[in-house]
Each structure stands twice: as C-alpha cells, then as structure tokens.
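Worksheet: one structure, shown below.
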Amino acid sequence: MPNENRIKVFLASSSELASERHEILSTLTELEKEFRLLKKELAIEPIMWELDVTSGSTENRVQDEINKKLREVDIVVVLFYSKVGNFTSEEYLLARTLKKKVFIYFKKGFSPNEREEHESYGKVLDF
C-alpha cells in the first residue's frame, strides 16, 4: 500500500503470559485485515522479542537489544499476571521515559499458595 501508516506495537510480559502475547499477535493481525477490507491505509507491526531479536546476535545483554526494538515502536502493551518480571518492569519504565503510548493489562485469576508467590504477587498489586 502506498503511503501506508505503520504502527509498531511492542508486546511485553513475563514468560508466564507467552500464550496471551501470541493471542494479541493474532488480534493485531485480524485488526489489520479489517482495515484492509475497509480500504484504510494502516499497517500494524507487532514487535515481540521472541520473533524480533536473535539470541546470541550481540555482545550486549539480550535485553539491550530488546530495548532497542522498544525505542522504535509507537505503542507498548504490557501484560501482568502473578509477577512483575525484572525485564518487563524495565521495558515498562523505558516506555514511560520515552513517552510511548502504554496500555497495561492485568490478567485476573491468580491465587497464590506459597509465601514467595504472595510476595511476588504483591509487587503486581503495588504496580
């Protein structure tokens, strides 16, 4: 499409929400198809570290490469469930610092059984 508008969307979460990230990927693909059917010029490019950063491709830590990708996006979607992962927190803080549009999703239903899980989940609630 000539003169298409491209929106890059970064998907961030801990590994426990990998399937939800893939569901969002499917949703974004469907949304882009709908725009095409309406003859609207919009391209949505999801950015996921699993797909867009090659492991071992750098001398830096992998998160630094992921952060480079985050700097290129328009929108950041952050997902939380039972914990706030260190890298997810770093991605969120970077997105806020860069004044990206940030959407946060808290998945419901977690029921901690052990003290360690309670402490980890407490960080989600504090977030």
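The values are calculated or read from the model by the stated rules, or taken from the named source; none is laboratory data. What you see is a predicted model, and the numbers here were worked out from it, not measured in a lab. Quick reminder, even Gly has a Cβ in these numbers, built from the backbone with ideal geometry, and neighbours come from all protein chains shown. Just the protein is used for accessible areas: all its heavy atoms, side chains included, with ligands, DNA and RNA removed. Shrake-Rupley method; radii C 1.70, N 1.55, O 1.52, S 1.80 Å.
Values for this structure:
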{"quantity": "Between 0 and 90°, nearest 10: helix 62-71 axis offset from the chain longest Cα axis", "calculated": "50"}
{"quantity": "Label-point separation, S19 to K101 (7 Å along Cα→Cβ), nm", "calculated": "2.9"}
{"quantity": "FRET efficiency estimate (nearest 0.05) - Cβ-Cβ, I7 to V124, R0 41 angstrom", "calculated": "0.90"}
{"quantity": "Residue-averaged 222 nm ellipticity for the chain, from DSSP H runs of 4+ at -39500 (n - 2.57), nearest 500", "calculated": "-14000 deg cm²/dmol"}
{"quantity": "Heavy-atom accessible surface of the range 39-100: percent carbon and sulfur, 1.4 Å", "calculated": "47"}
{"quantity": "Spin-label pair D74/V62, simplified geometry with 7 Å Cα→Cβ offset, distance in nm", "calculated": "2.9"}
{"quantity": "Rel. contact order, % - alpha carbon contacts under 8 angstrom, at least six apart, the range 7-112", "calculated": "36"}
{"quantity": "Ordering of 86-99, 68-81, 26-39 by packing [mean C-beta count within 10 Å, highest first]", "calculated": "68-81, 86-99, 26-39"}
{"quantity": "Degrees, to the nearest 10: 86-97 long Cα axis against longest axis of the chain", "calculated": "50"}
{"quantity": "Acute angle (nearest 10 degrees) that the helix 18-37 long axis makes with the longest principal axis of the chain, alpha-carbon atoms", "calculated": "20"}
{"quantity": "The chain, accessible area per residue, ligands and nucleic acids excluded (1.4 Å, Å²)", "calculated": "67"}
{"quantity": "Interatomic Cα distance distribution for the chain, bins of 10 angstrom, percent", "calculated": "12, 38, 32, 15, 3, 0"}
{"quantity": "Cross-link reach list, lysines versus K99, counting only Cα pairs under 18 Å and skipping chain neighbours closer than eight places", "calculated": "K8, K68, K69"}
